[in-house]
1. Within region 106-132, whose backbone N sits under 17 Å from a point 7 Å along Cα→Cβ of Thr48?
2. What does the charge count around Ala14 come to, taking other residues whose C-beta lies under 11 Å from its C-beta (Lys +1, Arg +1, Asp -1, Glu -1)?
3. Mind jotting down the distance between the C-alpha centroids of region 92-107 and region 6-83, whole Å?
4. Relative to the longest principal axis of the chain, what angle (0 to 90°, nearest 10) does the C-alpha long axis of helix 6-24 take?
5. Extending each Cα 7 Å along its Cβ direction at Ala36 and His57, get the distance between those two points in nm, one decimal.
6. Between Ala12 and Ser26, what is 0.36 nm times their sequence separation minus the Cα-Cα distance? Round to one decimal in nm.
7. Calculated from DSSP H runs of 4 or more alone, at -39500 (n - 2.57) each and per residue, what is the 222 nm mean residue ellipticity of the chain, nearest 500?
8. Cα axis of helix 62-77 to longest principal axis of the chain: angle in degrees, 0 to 90, nearest 10?
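What follows is calculated from the coordinates using simple rules that are stated; it is not laboratory data. Keep in mind that what you see is a predicted model, and the values were worked out from it rather than measured. As a convention, Cβ positions derive from the backbone with ideal geometry for all residues, glycine included, and neighbour counts pool all protein chains shown.
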Amino acid sequence: MHKPDPLHGAQALAEASAAAMLSRDSATLAMGMALAEVRPGYARMTMTVRPDMLNGHLSCHGGFIFALADSAFAFACNSYNMNTVGAACTIDYLAPAHKGDVLAAEAIEQSLAGKSGIYDVRVSNQDGRAIALFRGKSIRVAGSVIPEKN
């Protein structure tokens, strides 16, 4: 008798949840973000810094870097198909990003207990240089990202 592989099922659920969220996420799509990878408790997103993302110092506006980290956080904490939102977050900017840089935000679950989670997100450029460090606290709310099968 073949036993279902719980890791494969969890990965399929993470991918299905991410696809459903991304299809409805106009903000993430409008900023040109792409979901590069998702798995339970993890997500990696990328974004190319466009000219319209530059601030008065000709570096990427911190709000766009924050949005990239926040989107990676959202996909990581919703990877279990339970509606989860941000409850609090902080960001530390470490270096500037410039026009044409390809930023990657890697969100990694640090803790998940009950309805609360903690996720660390590292934003780096195409050379691996750390641009920002983000920490988000999540809280699970009612419902699921995709309808549960009965």
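1. 125-127, by backbone N distance to the label point.
2. Summing Lys and Arg as +1 and Asp and Glu as -1 gives -1.
3. Rounded to whole Å, the Cα centres lie 14 Å apart.
4. Computed tilt is about 50 degrees.
5. About 2.4 nm, to one decimal.
6. 2.7 nm is the gain from fully extending Ala12 to Ser26.
7. So the helix-based figure for the chain works out to -8500 deg cm²/dmol.
8. Helix 62-77 sits at roughly 10 degrees to that axis.
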